[in-house]
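Notes follow the structure.
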Amino acid sequence: KVVCVTGASGYIASWLVKFLLSRGYTVKASVRDPSDPKKTQHLVSLEGAKERLHLFKADLLEEGSFDSAIDGCHGVFHTASPFFHDVKDPQVELIDPAVKGTLNVLNSCTKASSVKRVVVTSSMAAVAYNGKPRTPDVTVDETWFSDPELCETSKMWYVLSKTLAEDTAWKLAKEKGLDIVTINPAMVIGPLLQPTLNTSAAAVLNLINGAKTFPNSSFGWVNVKDVANAHIQVFEVPSANGRYCLVERVVHHSEIVNILRELYPNLPLPERCVDENPYVPTYQVSKEKTRSLGIDYIPLKVSIKETVESLKERGFIH
Ligand code: NDP
């Protein structure tokens with residue numbers, strides 16, 4: 001079977017390509033710059049790549065850019081979307097590529113009659129930010145949708161980009177009769193395959209690179225291998241549908257520091273919170289839907305250890 005992965009050089013997508021190749025798929029992988037070895041070397045050296053990996057150049061902002069990568073594919077995994085926080089022009093840097101990119105990719109899918117299902121990498125960012133209280137007794141599930149207005153007034157630009165992108169995907173899918181499923185992961189950590197640092201692995205690195213304080217925030221966390229596998233599961237299981245929240249556990253940053261201290265007693269770790277406010281509470285995320293796919297989450301402690309070991313191996317920690 002032939003599938004397409006957009007943004008194949010990224011953190012999550014690299015694991016997805018690796019697992020797809022190992023399951024015997026032929027993978028048409030889109031990257032922005034196929035001539036940049038930092039973006040492609042780790043992909044072309046994967047097992048099975050020589051025989052079954054094909055690279056395509058495509059940009060989210062160029063209409064029709066994904067046509068040739070998607071043509072002839074049975075499945076499409078749309079992972080490409082900018083993920084960073086330090087932005088000057090959120091519309092240009094985050095929202096346009098996320099939303100127009102989703103439109104471009106899904107339009108290419110409607111042109112290719114071979115495409116049976118599209119798996120869209122959305123995010124918990126598109127789920128949990130709607131102003132409803134999130135406390136330890138509250139369970140967030142797939143029926144929650146983030147509120148774009150709230151994202152805008154709170155200047156949560158990345159969260160807004162993912163919320164609008166998922167909304168665009170569902171509207172277009174309905175209009176064109178496209179079978180889509182979304183994967184909505186929380187903060188993704190675990191080993192890196194690519195040589196560059198991505199935003200979510202940086203969240204762990206930032207705690208061990210001499211920081212004096214940790215952020216006052218609570219996030220869900222999930223292992224990149226579980227996220228990549230879930231993408232394949234929802235493609236392969238015909239009854240999979242709708243959205244799938246992927247979270248092993250929601251914890252406050254202080255708890256991440258505690259786990260790091262337990263694992264690495266000699267690492268210099270931040271001792272105090274960045275502010276003196278009460279800790280932002282944790283909450284539950286329903287695992288019911290992902291359990292129906294048979295997903296058994298890698299424990300957070302293991303994910304943190306894998307992240308640190310991988311960051312060491314790549315020279316990000318000295
Ligand atoms: P990465 O930054 O590693 O990957 C992002 C990918 O998007 C890169 O391949 C990048 O290409 C591509 N991209 C960005 N802008 C463009 C563009 N204009 N045209 C073409 N490609 C573009 O991030 P992740 O692997 O973490 O994220 C992958 C997906 O998962 C995203 O949709 C993200 O929103 C989502 N996600 C991530 C989470 C996380 O914690 N990591 C949590 C929830 C969702 P290039 O390499 O050329 O820059």
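The values are calculated or read from the model by the stated rules, or taken from the named source; none is laboratory data. Given the structure is predicted, the values throughout are model-derived calculations rather than measurements. So basically every Cβ, Gly included, is an ideal-geometry build from the backbone, and we count neighbours across all protein chains shown. Areas reflect the complete protein model, heavy atoms only, side chains present, ligands, DNA and RNA absent. Shrake-Rupley method; radii C 1.70, N 1.55, O 1.52, S 1.80 Å.
Taking the stated definitions as given, is S22 more than 10 Å from the ligand (Cβ to nearest atom), over 22 Å from H231 (Cα atoms) and among the hydroxyl-bearing types (S, T, Y)? Don't jump to the end; show me each part of the working.
Values: more than 10 Å from the ligand (Cβ to nearest atom): yes; over 22 Å from H231 (Cα atoms): no; among the hydroxyl-bearing types (S, T, Y): yes.
The answer is no for S22.
Can you tell me which residue is nearest to Q284 (Cα to Cα) among those in region 177-200 that are of a type in the set (A, V, I, L, M) and either away from the ligand (no atom under 12 Å from the Cβ) or touching a Pro at 6+ places or on another chain (Cβ under 9 Å) (or both)? Quick ask: steps written out before the conclusion?
Of the residues in region 177-200, the ones of a type in the set (A, V, I, L, M) are 178, 180-181, 183, 186-189, 192-193, 197.
Now drop any that are not either away from the ligand (no atom under 12 Å from the Cβ) or touching a Pro at 6+ places or on another chain (Cβ under 9 Å) (or both), which leaves 178, 180-181.
Details: L178: 31, I180: 26, V181: 22 Å.
Here the answer is V181.
Hey, among S122, S108, S113, which residue is more than 15 Å from the chain's Cα centre (by Cα) and surrounded by 22 or more Cβ atoms within 10 Å (Cβ to Cβ)? Don't jump to the end; show me each part of the working.
Working: S122 fails: more than 15 Å from the chain's Cα centre (by Cα); S113 fails: surrounded by 22 or more Cβ atoms within 10 Å (Cβ to Cβ).
Being more than 15 Å from the chain's Cα centre (by Cα) and surrounded by 22 or more Cβ atoms within 10 Å (Cβ to Cβ) holds for just one of S122, S108, S113, which is S108.
In region 1-15, which residues are crowded, with 24+ Cβ neighbours inside 10 Å, more than 6 Å from the ligand (Cβ to nearest atom) and part of a loop (DSSP other than H, G, I, E, B)?
Scanning region 1-15 gives a single hit, A8.
Considering only residues of region 235-254 that are surrounded by 22 or more Cβ atoms within 10 Å (Cβ to Cβ) and aliphatic (A, V, I, L, M), which is nearest to the chain's Cα centre (by Cα)?
Out of the qualifying residues, it is L246.
Working only within region 299-318, note down all residues that are buried (at least 18 other Cβ atoms within 10 Å of the Cβ) and within 26 Å of E142 (Cα to Cα).
Listed by number, the residues that qualify are L300, S303, I304.
Which one is farthest from the chain's Cα centre (by Cα) among residues in region 30-40 that are open to solvent by less than 50 Å² (accessible area, probe 1.4 Å) and near the ligand (Cβ under 9 Å from one of its atoms)?
The initial filter retains those residues of region 30-40 that are open to solvent by less than 50 Å² (accessible area, probe 1.4 Å), namely 30-31, 34, 36, 40.
Among the residues that remain, those that are also near the ligand (Cβ under 9 Å from one of its atoms) are: 30-31, 36.
On the way: S30: 16, V31: 16, D36: 22 Å.
Among residues in region 30-40 that are open to solvent by less than 50 Å² (accessible area, probe 1.4 Å) and near the ligand (Cβ under 9 Å from one of its atoms), the one farthest from the chain's Cα centre (by Cα) is D36.
Could you list, ordered by first residue, the pairs with Cβ atoms under 6 Å in which the first is in region 74-91 and open to solvent by 60 Å² or more (accessible area, probe 1.4 Å) and the second is modelled with pLDDT of 95 or more and within 10 Å of the ligand (Cβ to nearest atom), at least 6 apart or interchain?
F83/T199; F84/T199
Restricting the search to region 259-276, which residues are open to solvent by 10 Å² or more (accessible area, probe 1.4 Å), closer than 17 Å to K212 by Cβ and not hydrophobic (A, V, I, L, M, F, W, C)?
R261, P268, E271, R272, D275, E276
So, V27, is that one farther than 19 Å from F83 by Cβ, aliphatic (A, V, I, L, M) and outside any loop (DSSP other than H, G, I, E, B) or not?
So V27 passes the test.
Every residue, every condition in (1) within 13 Å of the ligand (Cβ to nearest atom); (2) crowded, with 18+ Cβ neighbours inside 10 Å, yes or no:
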{"site": "K28", "(1), (2)": "no, yes"}
{"site": "H42", "(1), (2)": "yes, yes"}
{"site": "L46", "(1), (2)": "no, yes"}
{"site": "E51", "(1), (2)": "no, no"}
